[in-house]
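Encoded as structure tokens, the structure appears first; notes follow it.
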Amino acid sequence: MVRDEGCGAGTGYPPSWDGRRPGARPWLCWLVVVLLGFAVAGCTGGGQETAGGEAGSSEGKVLTLTLDGAKNREAELQVIAQYLKQVGIDAQVRVWEYQTLVAEAQKGTRQAYATDWGSSTFSPVDLAVPKLETGGRGNYSFYSNPEVDALFRQAAATTDEGEALEAYKKAQEIIYRDAPWIFGYYLDAIEAASTRLKNWQPSMDSRVNLHDVELEDGDTLVVGLRADRILSLDPAAYRDRDTETVIRNIYDGLVTRTPDGEVVPEIAESWEQPDPTTYIFKLRRGIKFHNGEELTADDVVFTFERILADDGLDGQPSPRKGLVEPLQSVEKVDDYTVRMKLAKPSAAFLQLLVHTQIVPKDYVEEVGSRGLSEHPVGAGPFKFVEGSLDGQIVLERFDGYYGGSPELPPVGPAKVRRVVFRMMPEPATRIAALKSGEVHIVQEVPPDMVADLERDPNVQVKVTQGTRLYMIELNNKVLSDPRVRQALNYAIDWDAILQELYQGHAHRVATAMLPSGFGYHEGLEPYPYDPEKAKQLLREAGYTVD
């Protein structure tokens, strides 16, 4: 399965249980019995939509609520519905095809629906802001608070990190009180590898970086990707993390990121920011593309102008354009210096640059975007040999590699001679291939498989923080009383649900930001499980709960 996981990726193909999104567990039906003391009617199928469709606030009426979600979230929602029933809410679950559900949520026809949203910049810019700013591109809860909007604008406009941090913290405190969602959780990113691998480390952005990895007694390293296909081998023609994993082993960017999210120079030797909307990058000399051409400022300018242009990809727009905003222009100062002008200040701009890889101007002008995707030429540690987007991609070490970022030793050519990225969307298939030695690295290990893998002397398991947030968005136009929305948060025992589902690999959040990102408010604790408080708030809002 391939889906958009770039900045602000909030929609995609319906997910299966592959670790990126929660998977529906058939055994969760009995979890309801364990947690709540009674069985769930209809846990084997989708719930039925309630009559009337809207949750009003009429005095003395029972609150009726439909929880909508895709199949993979059904079991989780069934448990949540039972918690809500315990505080007097008539809660039902309805299952949808994911894209259809998103379309309905955008139109405002749903009361509450389970969804998720990912961050690629480790910043509120592509997580909290698009989901909660008035009119934001991902704001399907229709939440609106002018004070929050003003704080978001203040944080985005300032170059003072302390001022931005304070603004984001104040915004979170307001969001916490307003409770526009049933706040949820994030998942750990769990990967596993053969013990024959050295210097292997999973990244928070899900990238599999193979430049540093060594393989004992072998020269061909095989990676089991979680996808059934990748989208392209052109760095300007995708919005998907699996595709990016392959591409960033072929191409390098001006900057890159350490496994824990720090931005460091790569093709750029250094940069400076003379004013809030200007960046000047000095390029390393002597960098070669895989076809032997030298990388210069002309290639950098061409790369970004190709993404910014409405017809940059053989007459079509690049899906990466949103990832370079607010970049307004890029110009060559000399052969090894580039100046970038922004339309407005952006605290996340360097994080955004991580996702743009440099292509050779002359080669792309000769073969076009399609030719680049069919036979990519980059300046990264591995060069393309052969492969198909829905099968496997074979790469070979580029011995002329300049070495990569000096901030990420070892510097120099890659340690392994050959790399194979193999499409393996089924978790069980990936795990079996790892245990048999067929592959050496697998992505997205389901939490319930971790213990078994940790007992295998030939396997190493590593965990890092995920960058995807899971929540239940509430239609604030329908559920307009914040007391009701707060009650929904108090009514659910998330700790019990997540422990049973993910065995300690899911972590609650208090609002709409992640601890891995800038601006996270460590002083806010998630809503506690307090059914009596939930009942009290519902009564205050005019509902019958007994």
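Please state which one of Gly261, Gly224, Gly292 is at positive phi, modelled with pLDDT of 95 or more and among the small types (Gly, Ala, Ser). If you could, list the steps in order and put the result at the bottom.
On the way: Gly261 fails: modelled with pLDDT of 95 or more; Gly224 fails: at positive phi.
Checking each option against the conditions leaves just Gly292.
Across the stretch 477-511, which residue is surrounded by the most Cβ atoms within 10 Å (Cβ to Cβ) among those that are hydrophobic (A, V, I, L, M, F, W, C) and in contact with a Leu (Cβ under 6 Å, 6 or more places away or on another chain)? Outline the logic, then answer.
Here is the first cut: in the stretch 477-511, the residues hydrophobic (A, V, I, L, M, F, W, C) are 478-479, 484, 487-488, 491-492, 494, 496-498, 501, 506, 509-510.
In the following step, the residues that additionally are in contact with a Leu (Cβ under 6 Å, 6 or more places away or on another chain) were identified as 487, 491, 496, 506, 510.
On the way: Ala487: 31, Ala491: 26, Ala496: 16, Ala506: 21, Ala510: 19.
Per the stated criteria, the residue is Ala487.
Of everything listed in (1) over 30 Å from Arg207 (Cβ atoms); (2) at pLDDT 95 or above, the single unmet condition for Asp546 is (2).
Could you please tell me which pairs satisfy a Cβ distance under 8 Å, a separation of 6+ or placement on different chains, a first residue in the stretch 149-178 that is without any contact (Cβ under 8 Å) to a residue 24 or more places away in the chain, and a second residue that is surrounded by fewer than 16 Cβ atoms within 10 Å (Cβ to Cβ) and assigned to a helix (DSSP H, G or I)? What qualifies is Leu151/Ile174; Gln154/Glu163.
Look at Ile182 and say whether it is among the hydrophobic types (A, V, I, L, M, F, W, C), assigned by TED's automatic domain parsing to the domain that holds Val509 and within 23 Å of Leu67 (Cβ to Cβ). Show your work before the answer.
Values: among the hydrophobic types (A, V, I, L, M, F, W, C): yes; assigned by TED's automatic domain parsing to the domain that holds Val509: yes; within 23 Å of Leu67 (Cβ to Cβ): yes.
Yes.
Applying the selection to the stretch 460-474, what residues are touching an Asp or Glu at 6+ places or on another chain (Cβ under 8 Å) and crowded, with 24+ Cβ neighbours inside 10 Å? Give the derivation first.
Initial filter on the stretch 460-474 (touching an Asp or Glu at 6+ places or on another chain (Cβ under 8 Å)): 461-471.
Of everything in the stretch 460-474, those that are touching an Asp or Glu at 6+ places or on another chain (Cβ under 8 Å) and crowded, with 24+ Cβ neighbours inside 10 Å turn out to be Gly466, Thr467, Leu469.
Say whether the condition of being among the charged types (D, E, K, R), in a helix (DSSP H, G or I) and modelled with pLDDT of 95 or more is met by at least one residue in the stretch 495-515. Within the stretch 495-515 (the criterion being among the charged types (D, E, K, R), in a helix (DSSP H, G or I) and modelled with pLDDT of 95 or more), the answer is yes, since at least one residue qualifies. Applying the set (1) farther than 21 Å from Glu386 by Cβ; (2) under 20 Å from the mean Cα position of the chain (by Cα); (3) among the polar types (S, T, N, Q) to Ser194 leaves exactly one unmet item: (2).
Examine the stretch 240-263 for a residue that is in a loop (DSSP other than H, G, I, E, B) and touching a helix residue (DSSP H, G or I) at 6+ places or on another chain (Cβ under 6 Å), and state whether such a residue exists.
Kept after step one, since they are in a loop (DSSP other than H, G, I, E, B), are these residues of the stretch 240-263: 240, 251-252, 254, 258-262.
Filter once more, keeping what is touching a helix residue (DSSP H, G or I) at 6+ places or on another chain (Cβ under 6 Å): 254.
Scanning the stretch 240-263, I find at least one residue that is in a loop (DSSP other than H, G, I, E, B) and touching a helix residue (DSSP H, G or I) at 6+ places or on another chain (Cβ under 6 Å), so the answer is yes.
In this structure, does Pro457 turn out to be in the same structural domain as Tyr520 (by TED's automatic domain parsing) and not small (Gly, Ala, Ser)?
Values: in the same structural domain as Tyr520 (by TED's automatic domain parsing): no; not small (Gly, Ala, Ser): yes.
Taking the combined requirement at face value, the residue does not satisfy it.
Can you tell me how many residues in the stretch 144-157 are outside any helix (DSSP H, G or I) and either out of contact with any Asp or Glu (no Cβ under 7 Å at 6 or more places or on another chain) or assigned by TED's automatic domain parsing to the domain that holds Pro345 (or both)?
Filtering the stretch 144-157 for residues outside any helix (DSSP H, G or I) gives 144-145.
Narrowing the set further to residues that are either out of contact with any Asp or Glu (no Cβ under 7 Å at 6 or more places or on another chain) or assigned by TED's automatic domain parsing to the domain that holds Pro345 (or both) leaves 144.
Final tally of qualifying residues: 1.
Note on the stretch 163-197: residues that are polar (S, T, N, Q), surrounded by 19 or more Cβ atoms within 10 Å (Cβ to Cβ) and within 30 Å of Asn458 (Cα to Cα) total 1.
Would you check if Asp275 is under 19 Å from the mean Cα position of the chain (by Cα), modelled with pLDDT under 95 and not small (Gly, Ala, Ser)? So that I can check it myself, show each step before the final result.
On the way: under 19 Å from the mean Cα position of the chain (by Cα): no; modelled with pLDDT under 95: yes; not small (Gly, Ala, Ser): yes.
In short, no.
Of the numbered criteria (1) more than 24 Å from the chain's Cα centre (by Cα); (2) among the β-branched types (Val, Ile, Thr); (3) within 18 Å of Tyr470 (Cα to Cα), the one Ile175 fails is (1). Working only within the stretch 173-200, note down all residues that are more than 30 Å from Val439 (Cα to Cα), assigned to a strand (DSSP E or B) and not small (Gly, Ala, Ser). Trp181, Ile182, Phe183, Tyr185, listed by residue number. Residues in the stretch 460-506 that are within 21 Å of Asn145 (Cα to Cα) and basic (Lys, Arg): Lys477, Arg483, Arg485.
Okay, residues lined up against (1) closer than 21 Å to Val246 by Cβ; (2) not in a loop (DSSP other than H, G, I, E, B); (3) not small (Gly, Ala, Ser):
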residue: Glu272; (1), (2), (3): no, yes, yes
residue: Gly292; (1), (2), (3): no, no, no
residue: Arg306; (1), (2), (3): yes, yes, yes
residue: Arg339; (1), (2), (3): no, yes, yes
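Contact map, the stretch 349-360: first residue more than 13 Å from Ser120 (Cβ to Cβ), second residue crowded, with 24+ Cβ neighbours inside 10 Å and polar (S, T, N, Q), Cβ cut-off under 8 Å, separation 6 or more or different chains; pairs are Gln357/Thr303; Ile358/Thr303; Val359/Thr303. Within the bounds of the stretch 118-129, is there any residue that is buried (at least 24 other Cβ atoms within 10 Å of the Cβ) and modelled with pLDDT of 90 or more? Taking every residue of the stretch 118-129 in turn, at least one turns out to be buried (at least 24 other Cβ atoms within 10 Å of the Cβ) and modelled with pLDDT of 90 or more. In summary, Lys435 fulfils each of the numbered conditions (1) at pLDDT 95 or above; (2) in contact with a Phe, Trp or Tyr (Cβ under 9 Å, 6 or more places away or on another chain) with the single exception of condition (2). Mind checking which residues of the stretch 516-546 are under 17 Å from Asp178 (Cβ atoms), outside any helix (DSSP H, G or I) and not aliphatic (A, V, I, L, M)? Result: His521, Glu525, Pro526, Tyr527.
The values are calculated or read from the model by the stated rules, or taken from the named source; none is laboratory data. Predicted, not measured: the structure shown is a model, and the values here were computed from it. Ideal geometry is used to build each Cβ from the backbone, glycine not excepted, and the neighbour counts take in all protein chains shown.
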